[in-house]
Amino acid sequence: MRRIYSLIIAIAVIISMFTSSAIISYAANQTADGIKIEGEYLISDIDGIHTRYVVVAKNVSGKDLSVIAKFYALKANGNPVKSVTDGASAVKKGQSFMLYGQFKNSDIEEATKFSYEITVEETDNCRYDAVGFDVEAGIDSALAVTGTNYSSEDVGCINVRSIFFKNGEAVAFDTVNIGDYGYSLRSGSSNTQEIGMLLPEYDDYLVTYSVADDL
């Protein structure tokens, strides 16, 4: 029988919506129900239309997990003005991963803080061992990320997420799916995608990826 866990973390800190990004560290390095929060970042997208609240976490449960997160933008009195959902269908034990809530700036003008809820469930959907993964410098400061399916079966989804830093501050976020047939990567195939194109200048980055049988 699958076990279901729930982790609720409220970030009680006021964030200026005019700041390009901010690091929220009060919940960092906490462990609950097999999920260790390693970092939290508020990042404005380069389009000027959206803001993302990004959580970096690690699966320390000793089990493969599927993860769902619900993010809330809150008024000063704690009432939500907007909520969005994100998930990772397969996170292998011991792996780090990212979840994010993307908010339209016009929807969160009254928001002063954020919170999130994470729910996890055991899964047998992970396919990390089937895929080799590589990151190299690409064109115009982009990163070329390559996935190779070494297994005898197709894998359904390889999702890559990255935070880009400048002088230790998160300045951008990007995500891409790697596949050679829709979202799938066929047996024996390799596919390369670029992330970080047209981003602000950065000097460091963090990349995580997940590999699942299906979306």
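Descriptive notes on the structure:
- Set ILE163, ILE158: member being surrounded by 14 or more Cβ atoms within 10 Å (Cβ to Cβ), in contact with a strand residue (DSSP E or B) (Cβ under 8 Å, 6 or more places away or on another chain) and under 30 Å from ALA76 (Cβ atoms): ILE163
- Answer residue from region 87-123, given it is within 12 Å of the chain's Cα centre (by Cα) and among the aromatic types (Phe, Trp, Tyr) and is farthest from GLY34 (Cα to Cα) among those: TYR100
- Residues in region 61-93 that are crowded, with 18+ Cβ neighbours inside 10 Å and hydrophobic (A, V, I, L, M, F, W, C): LEU65, VAL67, ALA69, PHE71, ALA73, LEU74, VAL84, ALA88, ALA90, VAL91.
- Restricted to region 94-111, and to residues there that are within 25 Å of PRO200 (Cβ to Cβ) and in contact (Cβ under 8 Å) with a residue 60 or more places away in the chain, the residue that is most open to solvent (accessible area, probe 1.4 Å) is GLU109.
- If you check LEU65, LEU74, LEU7 for being at pLDDT below 85 and more than 24 Å from LYS166 (Cα to Cα), only one passes: LEU7.
- If you go through region 173-188 and keep only what is over 19 Å from VAL91 (Cβ atoms) and surrounded by fewer than 17 Cβ atoms within 10 Å (Cβ to Cβ), you end up with ASP180, TYR181, GLY182, ARG186, SER187, GLY188.
- Count of region 77-92 residues which are at pLDDT below 95 and either basic (Lys, Arg) or touching a Pro at 6+ places or on another chain (Cβ under 6 Å) (or both): 1
- Taking the criterion of being closer than 13 Å to ALA73 by Cβ and outside any strand (DSSP E or B), the residues of region 92-110 that qualify are ASN105, SER106, ASP107, ILE108, GLU109, GLU110.
- Counting only strands (runs of 3 or more DSSP E) that sit completely within region 33-91, those holding 1 or more residues that are under 22 Å from ILE195 (Cα atoms) correspond to 35-44, 50-59, 80-91.
- Unmet requirement for GLU194, which otherwise passes all of (1) in contact with a helix residue (DSSP H, G or I) (Cβ under 9 Å, 6 or more places away or on another chain); (2) crowded, with 19+ Cβ neighbours inside 10 Å; (3) within 16 Å of ASP134 (Cα to Cα): (2)
- Residue in region 128-138 that is small (Gly, Ala, Ser), surrounded by fewer than 19 Cβ atoms within 10 Å (Cβ to Cβ) and outside any loop (DSSP other than H, G, I, E, B) present: yes
- Residue check for GLU122: open to solvent by 20 Å² or more (accessible area, probe 1.4 Å) and more than 21 Å from SER96 (Cβ to Cβ): no
The values are calculated or read from the model by the stated rules, or taken from the named source; none is laboratory data. Not measured: the values here are computed from a predicted model. No Cβ is skipped: glycine too gets one built from the backbone with ideal geometry, and neighbour counts run over all protein chains shown. All accessible areas refer to the heavy atoms of the entire protein, side chains included, with ligands and DNA or RNA removed. Shrake-Rupley method; radii C 1.70, N 1.55, O 1.52, S 1.80 Å.
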